[in-house]
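These notes are about the structure you will find just below.
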Amino acid sequence: MTGTAAGTAADRPDTTVPHPAVPLIPPPPFIPPLPLPFPEPEPAGWARGSSATALLPPEPGAPWADDPYAHALRTGRGPLYLRRLSRDAEEERLLFLDVERWCAAPDAADTSVLHRCTGPVLDVGCGPGRLVGALAARGLPALGVDVSPAAVSRTRRLGGAALRRSVFDRLPREGRWSTVLLMDGNIGIGGDPAALLVRLGELACPGGRLLVEAAAPDVDERLTVRVEDGHGRHGRPFPWARVGTTALARAADTAGWILTGRWTAAGRPFMEFHRPRPRHPAPDGESDQS
């Protein structure tokens, strides 16, 4: 043999298998998006027409606990209102809440109520605690109950005792309170004065006293309202009631309370009721003259 045994690379045949040709697929034509029949919703929490970091107003908070009422109690200032949400309401849409008076010292009208208290005293819906604090300063045992954390905190700062509870929750000394207070329109709590008066009868002791502030106009209303400040900030709706002296006397009688007094001070009407004492059977041979 002549030359090298293997030969050169140029002398060897090409055994590479060629790849099949891949046809080129042109891109699809551009199709513009169809217009929406209504504006596309923006992400939750964003405000339309503002910067990307602007958030919508927060969800309204719980009534009395996380709404403008709580802020007003912390500052001691209003304005503060209950806004009627009932469509058939014919009276004024905003009901003024006198938060400045509630956060001040007891006035002459309040004092006319405090003079009638005997301990222990339960203040239902005690608010910022002006009455509980005044009773404690007089040496009378008193407890305020309120659903507002700000109200309970402010009452305690005044030296009064307070619990964050609804009047319809289980409370200390049930059936043993000598005086129950229902001031500043709190007859409206729950939107059902009759049910509230029955509950207060369960809290008071036999012969116990109930002191109630009625609405100045002689009304009898069941409402849906919300707490609102002067800037439109508000909490969630809740049921409420407004009761004047005539309707209050009727509801209290139905709930088993006995009307024993009424008076007006500084244009504010008040009523006093007592819970009947149980009648004991008379001894044999004697008649019960009570």
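Values as computed for the structure displayed
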{"quantity": "Selection from region 88-137 of residues that are at pLDDT 95 or above, under 23 Å from the mean Cα position of the chain (by Cα), among the charged types (D, E, K, R) and open to solvent by 30 Å² or more (accessible area, probe 1.4 Å)", "calculated": "Asp98, Glu100, Arg101"}
{"quantity": "Selection from region 217-250 of residues that are open to solvent by 20 Å² or more (accessible area, probe 1.4 Å) and among the aliphatic types (A, V, I, L, M)", "calculated": "Val219, Ala249"}
{"quantity": "Subset of region 251-277 (residues that are touching a residue at least 40 places away in the same chain (Cβ under 8 Å), open to solvent by 30 Å² or more (accessible area, probe 1.4 Å) and farther than 17 Å from Ala204 by Cα)", "calculated": "Trp263, Ala266, Gly267"}
{"quantity": "Any hit, region 227-245, residues being closer than 20 Å to Asp123 by Cβ, outside any strand (DSSP E or B) and in contact with a helix residue (DSSP H, G or I) (Cβ under 7 Å, 6 or more places away or on another chain)", "calculated": "no"}
{"quantity": "Conditions (1) of a type outside the set (A, V, I, L, M, F, W, C); (2) closer than 27 Å to Trp177 by Cβ; (3) touching a residue at least 60 places away in the same chain (Cβ under 8 Å); (4) touching a Phe, Trp or Tyr at 6+ places or on another chain (Cβ under 9 Å); number of the one not met by Thr224", "calculated": "(2)"}
{"quantity": "Qualifying residue in region 259-270 (condition: of a type outside the set (Lys, Arg), farther than 30 Å from Gly61 by Cβ and part of a helix (DSSP H, G or I))", "calculated": "no"}
{"quantity": "Of all residues in region 173-193 being more than 23 Å from the chain's Cα centre (by Cα) and either open to solvent by 20 Å² or more (accessible area, probe 1.4 Å) or of a type outside the set (Ser, Thr, Tyr) (or both), the one that is nearest to Thr111 (Cα to Cα)", "calculated": "Ser178"}
{"quantity": "Count of region 149-182 residues which are β-branched (Val, Ile, Thr) and assigned to a loop (DSSP other than H, G, I, E, B)", "calculated": "1"}
{"quantity": "All positions within region 194-212 that are free of Cβ contacts under 8 Å to residues at least 60 places away in the same chain and either of a type outside the set (Asp, Glu) or surrounded by 16 or more Cβ atoms within 10 Å (Cβ to Cβ) (or both)", "calculated": "Ala195, Leu196, Val198, Arg199"}
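The values are calculated or read from the model by the stated rules, or taken from the named source; none is laboratory data. Bear in mind that the values here come from a model prediction, so they are computed numbers and not experimental data. As a convention, Cβ positions derive from the backbone with ideal geometry for all residues, glycine included, and neighbour counts pool all protein chains shown. In case anyone asks, the SASA skips ligands and DNA or RNA and just uses the protein heavy atoms, side chains included. Shrake-Rupley method; radii C 1.70, N 1.55, O 1.52, S 1.80 Å.
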